[in-house]
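S.K.: Just dropping this structure here.
The values are calculated or read from the model by the stated rules, or taken from the named source; none is laboratory data. Note that the structure is predicted; figures quoted are calculated from it, not measured. So basically every Cβ, Gly included, is an ideal-geometry build from the backbone, and we count neighbours across all protein chains shown. Just so you know, the surface numbers come from the protein's heavy atoms only, side chains and all, with ligands and any DNA or RNA stripped out. Shrake-Rupley method; radii C 1.70, N 1.55, O 1.52, S 1.80 Å.
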Amino acid sequence: MKELIKRLVETYGPSGSEDQIRKAILEEVRPYVDEARVDPLGNLIAVKHAAKGNGGKKIMLAGHMDEIGVMVTHIDEKGFLRFGGIGGISPQILLGERVVFADGTVGIVGVERLDDPKDLRFDKLFIDIGAKDKAQAEKAVGIGWSAGYYRTFDDLGDRLVSKAMDDRIGCAVMIQAAKELKKTPNEVYFVFTVQEEVGLRGARTSAFAVDPDIGIAIDVTRTGDTPKGLPMAVELGGGAAIKVKDSSLVAHPKVKDLMAEVARTDKIPYQFEVLEAGGTDAGAIHLTKAGVPSGTISIPTRYIHTPSEVVDYGDVQACVRLLKGIVGRPIGL
Amino acid sequence: MGENVIRVCPGTVRVDGPGQWGRLAEEGPDTALDTAERLETKSFLKALSEGSGVSGYEGPIGAMVAEAFRPFVDEVRFDKLGNCIGLRRGEKPKDGPPVKVMLAGHMDEIGLIVTKVEERGFLRFTDVGGVDQRTLPAQEVVVHGRKDLPGVIGVKPPHLVSPDEAAKALKKEDLYIDLGLTGAEAKKLVNVGDLITLRRDFTELKNGLVAGKAFDDRAGVAVIYEALLQLEKLHHTADVYAVATVQEETGLRGAITSAYGVVPDLGVAIDVSFGDQPGVPEHQTAPLDKGPGVAVGGNIHPKVYEALTRIAGEQGISLQIEASPGATGTDAWAMQVSRAGVPTGLIGIPLRSMHTSVETLAMGDIKKAGRLLALFIASVDRAFVEGLRW
């Protein structure tokens, strides 16, 4: 599974520019599903049909393909690019980073001279793509072009690190579950959504079209186990996290209980998660049409929205087993 | 009432004397249950207030609401998110299908949720929906673990507080819940993610005022109940969808899905607004027991507002005007943009000490709001709905 994770996290795909990552995911998931299509906003919807054709639930799983990034807003006379953020990216973390555009062009994030580090804002930063002047820069990139962090995957043994674990690790969990799930009594929609980082937008439209009985997002969550971090009960290596609440969702009590019951039955390590800030695609799914009972399986992740997001391989595998355990059984809600 | 605020401008409603509303005066025979069998509105509010139903976990309150609505509606159902929807059918209209009026009062309450069970058995928590953390120290709570457990929110003795600390308001991170359990016992009975409600008896103050928790917005549910009682005595052709919504405090979520499911021709939300109290500017509040507030502003269809105020004037129901220039932070905000749009009205019950466990209101305002709502519903017909088109 590590090869799959490496491929997904290293692929380019800021919100709104998901073509390359969608193509990669389609290749990976296609052998394990009965059909796959792309909706008008670019969501990839892959379906595994119920083995017996009826009686099961229509379950929508959502993992988002997009990653945070930056977008070029201006090119100056000397060929430096000014930019804005896509999703929750911070100027402090961008400083000194390299970013990469869809065509492979690499840029360095530089900063104006600051009297006080507190003055660091997006408007003090620029991207240097090595151009000598405006004309040369304009030949390489254009206004409105998007870039993501330029970082590789590293296997630290039990722990894995990369950019874009948020939420390619969720996508990887879904693909792996599709692969291992031989038969299911349910109609399972594996939806790889777009534009989650800019407002859960892909989940909103795909859920409207899929019209599921149950919604489950698979996404990352914070941990409270780093030195002097914000207190939170979730820890790396503590197993799959079952969400109780975040800013976008109060998990449906029955969906939450179902997840915990499957975890206990299948002896999968799990922990409950209360996230004080942040949301997932389940926030959009559960408000679709007349309402969809929804929950979230979270992969505990350190340093979210930095170029070095860290997950525990054991947790990842626990999430795969949990997801498989849920969608592979008949569900009575 | 959610995060956004309603600004209130004190105003008076011009009373034009009894109008031409023959239908309204023509009250039908009292076919309602004997008064003795009816749950009195105040008792209903007491039961709701002392019940438990934090946003997302409204089950017990929903059951209570369904039972109370049942004698006055043709059917009651729960939707997938737990909204309780009672349908009271009107008399068959002569001009086609009945108009659908949706009433929304949210039954969820703000509360707390366990974030950590500590080694010594103390619980750490955060809030759900906007509890005022300044009001938490020394409160009694119920922790909904494997079973309901009584607890108290502990505070450091003042003798041991440094002068620096004493000057600062306590934050929820500084507080903990004591269940009297050892660490091992607590871990057996309580999980991260278990819900917590504040514990507070419903108290009757003087002059018809009452105090308690969760009046925001079980007062709105009580208004809907009062309206259903009043409708027993009126003729109406509109079908009334009495909806006790869920998860308003976490983002108007129940109203979003219930309005989609009901597909109303018009909607009226009933929520609380800021009552007058010391330390709060007069122009942002409304006095208690001077009648419910009727909101006007971008969230409100002008003709729904006009009808509500006109009927109040004709029937001698005192009310107050609430000017709401932007988002009202109520279910009306969600209902208005459901599907292709829903003309919306908003009634507010003036409430002191909002989002605390000693919310205070006047029962008289609830009665008046219920009567106004019932009279408004009785006045609604196909022609009125057609007239709402721009």
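S.K.: If I filter segment B:203-222 for residues that are open to solvent by less than 10 Å² (accessible area, probe 1.4 Å) and among the hydroxyl-bearing types (Ser, Thr, Tyr), do I get at least one hit?
M.R.: no
S.K.: For A:ARG22, state whether it is open to solvent by 20 Å² or more (accessible area, probe 1.4 Å), farther than 20 Å from A:ILE297 by Cβ, touching a residue at least 40 places away in the same chain (Cβ under 8 Å) and not in a loop (DSSP other than H, G, I, E, B).
M.R.: When the stated conditions are applied, A:ARG22 passes them.
S.K.: Is it the case, given these coordinates, that A:ASP158 is in contact (Cβ under 8 Å) with a residue 60 or more places away in the chain and farther than 20 Å from A:THR11 by Cα?
M.R.: yes
S.K.: Check B:ALA244, B:ALA323 and return the single one that is of a type in the set (A, V, I, L, M, F, W, C), more than 14 Å from chain A (Cβ to nearest Cβ), in contact (Cβ under 8 Å) with a residue 12 or more places away in the chain and open to solvent by 10 Å² or more (accessible area, probe 1.4 Å).
M.R.: That would be B:ALA323, the only listed residue that is of a type in the set (A, V, I, L, M, F, W, C), more than 14 Å from chain A (Cβ to nearest Cβ), in contact (Cβ under 8 Å) with a residue 12 or more places away in the chain and open to solvent by 10 Å² or more (accessible area, probe 1.4 Å).
S.K.: On the given criteria, is A:GLY291 outside any strand (DSSP E or B), buried (at least 17 other Cβ atoms within 10 Å of the Cβ) and at the interface with chain B (Cβ under 9 Å from one of its Cβ atoms)?
M.R.: Spelling it out, A:GLY291 is indeed outside any strand (DSSP E or B), buried (at least 17 other Cβ atoms within 10 Å of the Cβ) and at the interface with chain B (Cβ under 9 Å from one of its Cβ atoms).
S.K.: Of all residues in segment B:355-390, count the ones that are touching a residue at least 12 places away in the same chain (Cβ under 8 Å), open to solvent by 10 Å² or more (accessible area, probe 1.4 Å) and among the acidic types (Asp, Glu).
M.R.: 1
S.K.: Quick check on my filter: what residues within segment A:302-333 are in contact with a helix residue (DSSP H, G or I) (Cβ under 6 Å, 6 or more places away or on another chain) and either open to solvent by less than 30 Å² (accessible area, probe 1.4 Å) or not in a helix (DSSP H, G or I) (or both)?
M.R.: The answer is A:ILE304, A:THR306, A:GLU309, A:VAL311, A:CYS319, A:VAL320, A:LEU322, A:LEU323, A:GLY325, A:ILE326, A:LEU333.
S.K.: Working only within segment B:360-384, note down all residues that are touching an Asp or Glu at 6+ places or on another chain (Cβ under 6 Å) and more than 19 Å from B:VAL294 (Cα to Cα).
M.R.: Within segment B:360-384, just B:ARG382 meets the criteria.
S.K.: So, in segment A:266-278, of the ones that are more than 10 Å from chain B (Cβ to nearest Cβ) and not aliphatic (A, V, I, L, M), which residue ends up most open to solvent (accessible area, probe 1.4 Å)?
M.R.: Of everything passing the filter in segment A:266-278, A:LYS267 is most open to solvent (accessible area, probe 1.4 Å).
S.K.: A further question follows. Only strands (runs of 3 or more DSSP E) wholly contained in segment B:279-387 count here; list those with 1 or more residues that are outside the structural domain of B:ALA269 (by TED's automatic domain parsing), within 19 Å of the chain's Cα centre (by Cα) and closer than 29 Å to A:ALA290 by Cβ.
M.R.: Counting at least 1 such residues, we get no strands (runs of 3 or more DSSP E) at all.
S.K.: Has segment B:121-139 got any residue that is surrounded by fewer than 17 Cβ atoms within 10 Å (Cβ to Cβ), of a type in the set (D, E, K, R) and touching a residue at least 12 places away in the same chain (Cβ under 8 Å)?
M.R.: Yes, there is a match, as at least one residue in segment B:121-139 is surrounded by fewer than 17 Cβ atoms within 10 Å (Cβ to Cβ), of a type in the set (D, E, K, R) and touching a residue at least 12 places away in the same chain (Cβ under 8 Å).
S.K.: So, of the residues in segment A:127-153 that are within 18 Å of the chain's Cα centre (by Cα) and in a strand (DSSP E or B), which turns out to be surrounded by the fewest Cβ atoms within 10 Å (Cβ to Cβ)?
M.R.: So the residue we want is A:SER146.
S.K.: If A:SER248 meets every condition in (1) over 27 Å from A:GLU18 (Cα atoms); (2) part of a loop (DSSP other than H, G, I, E, B); (3) of a type outside the set (D, E, K, R) apart from one, which number is that one?
M.R.: Condition (1) is where A:SER248 drops out.
S.K.: Related question: Is it true that B:MET102 is touching a helix residue (DSSP H, G or I) at 6+ places or on another chain (Cβ under 7 Å), over 16 Å from B:LEU231 (Cβ atoms) and open to solvent by less than 50 Å² (accessible area, probe 1.4 Å)?
M.R.: Judged against the criteria, B:MET102 is not a match.
S.K.: While we're here: Going by what's in this entry, would B:TYR260 be described as aromatic (Phe, Trp, Tyr), open to solvent by 10 Å² or more (accessible area, probe 1.4 Å) and touching a residue at least 24 places away in the same chain (Cβ under 8 Å)?
M.R.: Yes.
S.K.: Please go through segment B:151-179 and pick out each residue that is open to solvent by less than 80 Å² (accessible area, probe 1.4 Å), in contact (Cβ under 8 Å) with a residue 12 or more places away in the chain and not hydroxyl-bearing (Ser, Thr, Tyr).
M.R.: B:GLY151, B:VAL152, B:ILE153, B:GLY154, B:VAL155, B:ALA169, B:LEU170, B:LYS172, B:LEU175, B:ILE177, B:ASP178, B:LEU179
S.K.: Something else now. Any idea which of (1) within 28 Å of the chain's Cα centre (by Cα); (2) of a type in the set (Val, Ile, Thr); (3) modelled with pLDDT of 95 or more is the one B:THR135 doesn't satisfy?
M.R.: Tallying (1) within 28 Å of the chain's Cα centre (by Cα); (2) of a type in the set (Val, Ile, Thr); (3) modelled with pLDDT of 95 or more, B:THR135 fails exactly one: (3).
S.K.: Looking at A:VAL255 and the list (1) at pLDDT 95 or above; (2) facing chain B (nearest Cβ under 10 Å), which single condition is not satisfied?
M.R.: (2) is the only condition that A:VAL255 fails.
Listed here are the residues, each with its yes/no results for (1) touching a Gly at 6+ places or on another chain (Cβ under 6 Å); (2) modelled with pLDDT of 95 or more; (3) not β-branched (Val, Ile, Thr).
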| position | (1), (2), (3) |
| --- | --- |
| B:VAL240 | no, yes, no |
| B:VAL268 | yes, yes, no |
| B:PHE274 | no, yes, yes |
| B:GLN277 | no, yes, yes |
| B:VAL280 | no, no, no |
| B:LYS303 | no, yes, yes |
| B:ALA312 | no, yes, yes |
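S.K.: With the requirement that a residue be within 17 Å of A:SER17 (Cβ to Cβ), assigned to a helix (DSSP H, G or I) and open to solvent by less than 10 Å² (accessible area, probe 1.4 Å), what does segment A:154-185 give you?
M.R.: A:ASP167, A:ARG168, A:CYS171
S.K.: Search segment B:185-210 for residues being within 14 Å of chain A (Cβ to nearest Cβ) and under 22 Å from the mean Cα position of the chain (by Cα), and hand back the single one that is nearest to A:PRO253 (Cα to Cα).
M.R.: Result: B:LEU195.
S.K.: Still on this structure, please answer the following. Would you confirm whether or not segment A:287-298 contains a residue that is assigned by TED's automatic domain parsing to the domain that holds A:CYS319 and at pLDDT below 95?
M.R.: The answer is no, given that none of the residues of segment A:287-298 is assigned by TED's automatic domain parsing to the domain that holds A:CYS319 and at pLDDT below 95.
S.K.: Assess whether A:LEU230 counts as being open to solvent by 20 Å² or more (accessible area, probe 1.4 Å), more than 8 Å from every other protein chain (Cβ to nearest Cβ) and either in a loop (DSSP other than H, G, I, E, B) or over 22 Å from A:ARG168 (Cα atoms) (or both).
M.R.: Yes; evaluated as a whole, the condition is true for this residue.
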